[in-house]
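A short worksheet on the structure shown next.
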Amino acid sequence: MPIKIADSLPARATLEGENIFVMTEYRAMHQDIRPLNVLILNLMPTKIVTETQILRKLSNTPLQVAVELLRTSSYQSHNTDEDHLASFYTTFDQIRDRRYDGMIITGAPVENLDFDQVDYWDELCEIMEWSKTHVHSTLHICWGAQAGLYYHYGIEKRSLPEKLFGVFDHRVLKPSSPLFRGFDDVFQAPHSRYTEVYESDIRSTPGLELLSVSGDAGVFAVKSEDSRQFFITGHPEYDPDTLSREYFRDVEKGLSIHVPHHYFPNNDPSRPPIVRWRSAGQLLYTNWLNYYVYQTTPYDISEVR
């Protein structure tokens, strides 16, 4: 089944070129089905890239999903055309009285800042507080996961000695969890970050469940016991070349950056990377959407509390 997006969203052509079923607003209006309403708070500077990555994952399920894109109003993006933002994005003031089956809060390249130094921190806190009563289940990604764990549970992020950068093995701690249904015992996922949360902090915090960890990358997946909040510290939605583009960007800037671990064959940046995380990334998004949104959300969306 398709995702439902605006007819002229740039991601539409990309996804259709990949033979992904994308339903336009006009066609969706003529189906007697209630789609899942999913809100994506896109905090990344490269908004079109990020929205396409996430839409690709949401599209490969048997569910019809109506997606809305949200941006912060307290910070103006300098990397995305204003016409694109005006055409396809909404602001919190426009949707604060609405309810959603699911919400995704992306990462952002601000992890070296204290949370209260982030320009839009107060607005993000307001949105995260609102999500507790207006969204059935929220998925936080990378810095979004660290921000969510700090806001909801007071868990601090910790600086790493160097950037955690590459594709790493992970293991599932709770195989019975529907989030990891169909996963292998060991799976791979990309990471790109300068900070982490401690496993000991997660385990000692009431109301949280630790679902997956990595020997090299640490905590990967955490959820609240009521399954209303999910926290994923990596980027299972990344494209094959995302880490490559980040690496060469930093090299061109003269930054001290190592080759992403376990990414280029023989650690040779001149060779194209081999994707080892695509299936696990797709399954994670599909399982969240199916088991924690579709299976449990009220049919009458006004009943979301």
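The values are calculated or read from the model by the stated rules, or taken from the named source; none is laboratory data. On a predicted model such as this, the values are computed, not experimentally measured, just so you know. Please note: Cβ atoms are built from the backbone with ideal geometry, for glycine as well, and neighbour counts cover all protein chains shown. Keep in mind that these areas ignore ligands, DNA and RNA; they rest on the heavy atoms of the full protein, side chains included. Shrake-Rupley method; radii C 1.70, N 1.55, O 1.52, S 1.80 Å.
Taking amide hydrogens as modeled 1.01 Å from N in the peptide plane, which residues meet the under 5 Å criterion relative to Leu113, leaving out close sequence neighbours?
Residues meeting the amide H criterion: none.
Which one, Ser200, Ser212, Ser131, has the greatest fluctuation when you compute a Gaussian network model over the chain with C-alpha springs under 10 angstrom?
Ranking Ser200, Ser212, Ser131 by mean-square fluctuation puts Ser200 first.
Ala108: net charge of surrounding residues, Cβ under 13 Å, Lys/Arg +1, Asp/Glu -1, itself excluded?
Neighbourhood net charge equals +1.
Any idea what Rg and Dmax come out to for region 81-128 if you just take the C-alpha atoms, in Å?
Final numbers for Rg and Dmax: 12.9, 33 Å.
Remind me, relative contact order of the chain in percent, using alpha carbon pairs under 8 angstrom and six or more residues apart?
Contact order relative to length: 17 percent.
Can you run the Rg to Rh ratio on region 200-305? Use alpha carbon positions and the Kirkwood inverse-distance Rh.
For region 200-305, the value is 1.08.
In region 120-276, what is the volume of the convex hull around the alpha carbon atoms, normalised per residue and reported in Å³?
Taking only Cα atoms, region 120-276 has a hull volume of 130 Å³ per residue.
For region 139-200, state what percent of all Cα-Cα pairs lands in each successive 10 Å bin, counting from 0 Å until the bin that includes the largest distance.
In whole percents, the pair-distance histogram is 19, 42, 36, 2.
Which cross-chain or sequence-distant (5 or more) residues have an amide H under 5 Å from the amide H of Leu160, H modelled 1.01 Å from N in plane?
Thr195, Glu196
Per residue, how much accessible area does the chain show when a 1.4 Å probe rolls over the protein heavy atoms, in square angstrom?
The answer is 45 Å² per residue.
Please give the direction-averaged projected area of the C-alpha convex hull for the chain, in square nanometres with one decimal.
Across all orientations, the chain yields a mean hull projection of 15.6 nm².
Tell me, what is the FRET efficiency for Arg203 and His262 to the nearest 0.05, using R0 = 25 angstrom and their Cβ-Cβ distance as r?
After rounding, the FRET efficiency stands at 0.40.
Can you give the % of DSSP beta bridges in the chain that are antiparallel, to the nearest 5?
45
Which length gain, in nm to one decimal place, applies between Arg158 and Asp241 when the Cα-Cα distance is subtracted from 0.36 nm times their residue separation?
Stretched fully, the Arg158-Asp241 segment lengthens by 27.1 nm.
Where the accessible area of the chain is counted over protein heavy atoms with a 1.4 Å probe, how much of it, in %, is carbon and sulfur?
47
Over 20 Å between Cα atoms, which of Lys47/Lys132; Lys163/Lys223; Lys47/Lys223; Lys174/Lys223 qualify?
Lys47/Lys132; Lys163/Lys223; Lys47/Lys223
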